[in-house]
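S.K.: The structure follows.
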């Protein structure tokens, strides 16, 4: 049986090479699987490395759209 390594939000963000706020946004959007610890006031998240690696392989996690400096109403022109 393979043991899964549990990571904190900071460790998981470092593994994905993103900021912790970005990682937690992805958790709220359902793009990354996370586990909330219960019994405490502030929500503390834990991540499995295998779930993070699986999320990297899905195209929904890292969108390929190029950001534009043009206002949204002018991008159709």
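All of the numbers you see were taken from the coordinates with simple rules; none came from a lab. Because the structure is predicted, anything quoted here is derived from the model rather than measured. So basically every Cβ, Gly included, is an ideal-geometry build from the backbone, and we count neighbours across all protein chains shown.
S.K.: Give the order of 17, 33 when sorted by the count of other beta carbons within 10 angstrom, beginning with the fewest.
M.R.: Going from least to most buried by this count: 17, 33.
S.K.: Largest first and in whole Å, what are the equivalent-ellipsoid semi-axes of the stretch 6-57 based on the Cα gyration tensor, each being the root of 5 times an eigenvalue?
M.R.: In descending order, the three semi-axes are 17, 11, 11 Å.
S.K.: Follow-up. How would 35, 47 line up from fewest to most surrounding beta-carbon atoms within 10 angstrom?
M.R.: Ascending number of Cβ neighbours within 10 Å: 35, 47.
S.K.: Over the stretch 6-57, what is the relative contact order in percent, taking alpha-carbon pairs closer than 8 angstrom and at least six residues apart?
M.R.: So the answer I get is 39 percent.
S.K.: Moving to a separate point now. Compute the length gained on full extension between residue 33 and residue 5: take 0.36 nm times their separation in residues and subtract their Cα-Cα distance, giving the result in nm to one decimal.
M.R.: Taking 0.36 nm per residue and subtracting the Cα distance, the gain is 8.7 nm.
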